[in-house]
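Comments concern the structure below.
FYI, it's all coordinate maths here, none of it is from the lab. All figures in this text were calculated on a predicted structure; none of them were measured in a lab. A quick note on method: Cβ atoms are made from the backbone with ideal geometry, for glycine too, and the neighbour counts reach across all protein chains shown.
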Amino acid sequence: MANRRLEMMEENRVKLIAAARKAFADKGYSAASMDDLTADVGLTRGALYHNFGDKRGLLAAVVDQIDSEMALRAQEIGAGAGDDWQCLMAEGVAYIEMALDPEVQRIVLRDGPAVLGDPSQWPSQSSCLQATLRTVERLISQEVLKPVDAEAAARLLSGAALNAALWIAASDDPQDVLPKAVEAFQSLATGLLVRPA
C-alpha cells in the first residue's frame with residue numbers, strides 16, 4: 001500500500017514537471033496558469049503544492065531537469081572531442097550553443113534567473129562546476145594548464161560559459177551573438193594553457 005502511494009506520488013511529480021515544462025516553454029513562467037497546468041494532467045493544485053511547495057518550486061524542478069539534460073548533452077559532446085582539454089572546450093562551447101534552443105532560452109536562461117536568482121547557486125550548476133573542477137585538476141597535474149588555483153579556474157570557466165549563454169538568450173539576435181560568445185570563451189580559456197594553442 002505504501003509502495004503504491006509512493007509510486008503515485010512520483011507519477012504525479014513526473015506529470016506535473018512535464019506539464020510545467022511545456023507551459024513554461026510556451027507561455028513563460030508568469031503567464032503559465034497553475035489551474036490550467038494541473039487540469040491538463042488531471043491533478044489538483046493540492047498535488048502541485050504537495051510535491052513542489054508552490055509555482056516557484058515547480059519552476060526550480062523544471063530548471064533542474066533541463067539544466068541537467070544540458071550538462072549531460074555537453075558531456076556527451078565533449079567525450080568525443082579528444083583529450084581532456086579538447087573535451088573541456090567542446091563541453092563549454094556546446095553549453096553556449098544550447099542557448100539557441102527556445103526552451104532553454106525561456107526557462108533556464110530568462111525565467112530561471114529572474115525567479116530563482118543566481119544560477120551559480122542552482123544544484124544543477126553546482127554539479128557542472130564539480131565536473132569542470134575535476135577536469136581542471138587533471139589538466140593542471142598534466143601540466144597542460146598553468147598552476148593556478150583549480151577551483152578559481154573551474155569557476156571562471158563555468159561562469160564564462162553560463163554568462164555567454166545568458167547573453168545569447170537576452171540578445172535581440174542570438175545567431176549573431178553566438179559566434180562572438182564562442183570565440184571570446186575560447187580565447188579566455190586558452191589563456192590558462194601552459195603553451196597556448
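One table, with the values for the structure above:
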item: Net charge, V182 excluded, C-beta distance under 14 Å - Lys, Arg +1, Asp, Glu -1; result: -3
item: Distance between segment 128-197 and segment 41-93 - C-alpha centres, whole angstrom; result: 20
item: Spatially near lysine pairs across segment 2-153, Cα under 25 Å, sequence gap of 8 or more or different chains; result: 4
item: Filtered GluC sites (Glu not before Pro), segment 102-196: DSSP coil and at most 11 other beta carbons within 10 Å; result: E143
item: Equivalent ellipsoid, the chain (semi-axes from 5 times Cα gyration tensor eigenvalues, Å); result: 36, 19, 13
item: Per-residue HN-Hα couplings for segment 77-87 [Karplus 6.51, -1.76, 1.60; θ = phi - 60°; Hz; x = Gly/Pro]; result: 5, x, 4, x, 8, x, 6, 4, 5, 4, 5
item: Nearest-ten-degree value, helix 2-27 long axis tilted from longest Cα axis of the chain; result: 70
item: Relative contact order of segment 1-86, defined on C-alpha pairs under 8 angstrom at six or more residues apart (%); result: 26
